[in-house]
1. Going by the structure shown, is residue 42 modelled with pLDDT of 95 or more and either within 12 Å of the chain's Cα centre (by Cα) or in a loop (DSSP other than H, G, I, E, B) (or both)?
2. Cβ contacts < 6 Å: first residue at pLDDT 90 or above, restricted to the range 1-24; second residue part of a strand (DSSP E or B) and exposed (fewer than 11 other Cβ atoms within 10 Å of the Cβ), any location; separation 6+ or different chain. Result?
3. Within the range 49-70, can one find any residue that is surrounded by 11 or more Cβ atoms within 10 Å (Cβ to Cβ), at pLDDT below 95 and more than 17 Å from residue 81 (Cβ to Cβ)?
4. Taking the range 11-31, which residues are farther than 17 Å from residue 77 by Cα and surrounded by 12 or more Cβ atoms within 10 Å (Cβ to Cβ)?
């Protein structure tokens, strides 16, 4: 589990250096009242390096409305079907 802005930024920076060609497919978005929503979907990407591999999986995001902006409140994902 990665918590805190600095740790999350570091994780995504490292991930961006190791993978490419990311694709997201949104399967469903459900409102959770006027200031929250849940999004589920699938992802795929390719690892970088001498023997690139394709990785695919699923994700869930909870969005929160803060003022006029929608911000990611929770994000969880794993590889595999």
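The values are calculated or read from the model by the stated rules, or taken from the named source; none is laboratory data. Since we're looking at a predicted model, the values are computed, not measured. Don't worry about glycine lacking a Cβ; one is built from the backbone with ideal geometry, like all the others, and counts go over all protein chains shown.
1. Yes; evaluated as a whole, the condition is true for this residue.
2. The qualifying pairs do not exist here.
3. yes
4. Answer for the range 11-31, where residues must be farther than 17 Å from residue 77 by Cα and surrounded by 12 or more Cβ atoms within 10 Å (Cβ to Cβ): there is none.
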